[in-house]
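Undergrad: One structure follows; several queries about it will come next.
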Amino acid sequence: MSNISSAFDHGKAFIAFLTCGDPDLETTAAAVREAVRNGADLIELGIPFSDPTAEGPVIQEANLRALTGGATTDRIFDLVRSLRRDVSVPMVFMTYANVVYSYGAEKFIALCRETGIDGLILPDLPFEEKEEFRPLCRENGVDLISLIAPTSENRISMIAREAEGFIYIVSSLGVTGTRSEITTDLASIVRVVRENANVPCAIGFGISTPEQAKKMASLSDGAIVGSAIVKLMARYGKDAPPHVGAYVKTMKEALI
């Protein structure tokens with residue numbers, strides 16, 4: 001399948017999320033390159049959507065800024081083509097099923113393969129409905145990445161057994177956003193995942209500090225950070241990339 005496993009083959013992985021087109025696609029590209037230069041092992045690229053149900057206010061606002069600024073799916077595929085000239089780490093899209101449907105699933109997933117996208121995360125796609133996309137993903141060598149939440153309970157083992165690429169473990173109930181404390185019993189979730197899965201797992205939602213990243217990575221194979229990076233993009237705008245790079249460096253160093 002894809003290249004995703006390489007993100008986890010040299011220690012704990014740091015996974016960075018950015019919303020494409022916030023504040024513009026050129027700045028997104030520069031921020032991705034700074035994140036990779038400073039240790040990001042895998043990049044999640046968010047395709048903006050008008051109704052991002054899994055996102056908190058920070059990423060919702062980034063989606064709005066990106067859409068208002070003219071980010072489109074076609075332009076985001078062009079961004080990926082440009083990044084792949086010099087960025088070799090795995091990259092995945094995080095978006096919503098309606099984005100894929102409206103673009104045309106066959107065309108969308110074929111372009112993922114063509115441009116160098118390794119995986120696809122669709123938070124609003126129930127596990128039971130994944131077959132709508134999985135055959136196309138497998139045909140194109142794109143991993144359809146599963147999410148496991150604290151509410152997954154007796155479905156955890158079933159989801160883990162069929163997982164591809166890596167498993168995205170959602171740390172907390174609710175939407176994305178930084179949290180002062182993560183209280184979910186993640187160790188028991190990870191234990192069930194590891195008993196059933198053949199792929200790594202990483203924890204996301206709410207991680208913003210090096211201490212949180214270190215703790216989450218000690219439980220799993222990596223840490224995923226989104227809202228804290230998107231906040232930097234919102235705060236610094238076109239001047240954000242070096243700030244993103246410095247932040248990623250401190251987070252990655254906490255995992256070593």
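Undergrad: Collect the residues in the stretch 146-171 that are on the phi < 0 side of the Ramachandran plot and in contact (Cβ under 8 Å) with a residue 60 or more places away in the chain, keeping them in residue-number order.
TA: The initial filter retains those residues of the stretch 146-171 that are on the phi < 0 side of the Ramachandran plot, namely 146-152, 154-164, 166-171.
Passing the criteria: E164, F166.
Undergrad: Go through the stretch 163-201 and report how many residues are small (G, A, S), touching a Lys or Arg at 6+ places or on another chain (Cβ under 9 Å) and at pLDDT 90 or above. Spell out the reasoning first.
TA: First, pick out the residues of the stretch 163-201 that are small (G, A, S): 163, 165, 171-172, 174, 177, 180, 187-188, 197.
Those still in the list that are touching a Lys or Arg at 6+ places or on another chain (Cβ under 9 Å) too: 171-172, 197.
Cutting the leftovers down to at pLDDT 90 or above gives us 197.
The total comes to 1.
Undergrad: Could you list, in sequence order, the residues of the stretch 202-256 that are among the hydroxyl-bearing types (S, T, Y), crowded, with 17+ Cβ neighbours inside 10 Å and under 18 Å from K12 (Cβ atoms)?
TA: First, the residues of the stretch 202-256 that are among the hydroxyl-bearing types (S, T, Y): 208-209, 218, 220, 227, 236, 247, 250.
Then drop every residue that is not crowded, with 17+ Cβ neighbours inside 10 Å, which leaves 208, 220, 227, 247.
Listed by number, the residues that qualify are S208, S220, Y247.
Undergrad: Considering only the stretch 105-167, give the helices (runs of 4 or more DSSP H) lying wholly within it that have at least 1 residues that are farther than 24 Å from S6 by Cα and of a type outside the set (S, T, N, Q). Please lay out each step first, then the result.
TA: Numbers: elements: 105-115, 134-139, 156-161.
So the answer is 105-115, 156-161.
Undergrad: Identify, please: which residue in the stretch 8-59 is part of a loop (DSSP other than H, G, I, E, B), hydrophobic (A, V, I, L, M, F, W, C) and modelled with pLDDT of 95 or more and is, among those, farthest from Y101 (Cα to Cα)?
TA: Initial filter on the stretch 8-59 (part of a loop (DSSP other than H, G, I, E, B)): 10, 12, 20-24, 38-41, 47-56.
Still in the running and hydrophobic (A, V, I, L, M, F, W, C): 20, 40, 47, 49, 54.
Remaining after also requiring modelled with pLDDT of 95 or more: 20, 40, 47.
Details: C20: 19, A40: 30, I47: 13 Å.
In this case the residue turns out to be A40.
Undergrad: OK, next. What is the number of the single condition among (1) within 19 Å of the chain's Cα centre (by Cα); (2) surrounded by fewer than 18 Cβ atoms within 10 Å (Cβ to Cβ); (3) of a type outside the set (D, E, K, R); (4) in a loop (DSSP other than H, G, I, E, B) that A71 does not meet?
TA: Of the numbered conditions (1) within 19 Å of the chain's Cα centre (by Cα); (2) surrounded by fewer than 18 Cβ atoms within 10 Å (Cβ to Cβ); (3) of a type outside the set (D, E, K, R); (4) in a loop (DSSP other than H, G, I, E, B), the odd one out for A71 is (2).
Undergrad: Then there's this: Show the residue pairs meeting these rules: Cβ distance below 7 Å; 6+ apart or different chains; first residue within the stretch 101-130 and at positive phi; second residue in a helix (DSSP H, G or I).
TA: Going by the 7 Å Cβ cut-off, the qualifying pairs are G116/V80.
Undergrad: Moving on to the next point. Please find, among L79, L120, the residue that is touching a helix residue (DSSP H, G or I) at 6+ places or on another chain (Cβ under 7 Å), within 22 Å of I169 (Cα to Cα) and buried (at least 18 other Cβ atoms within 10 Å of the Cβ). Walk me through it before giving the result.
TA: Values: L79 fails: within 22 Å of I169 (Cα to Cα).
Sole residue among the options that is touching a helix residue (DSSP H, G or I) at 6+ places or on another chain (Cβ under 7 Å), within 22 Å of I169 (Cα to Cα) and buried (at least 18 other Cβ atoms within 10 Å of the Cβ): L120.
The values are calculated or read from the model by the stated rules, or taken from the named source; none is laboratory data. Everything numeric in this text was worked out from a predicted model, so none of it was measured. No Cβ is skipped: glycine too gets one built from the backbone with ideal geometry, and neighbour counts run over all protein chains shown.
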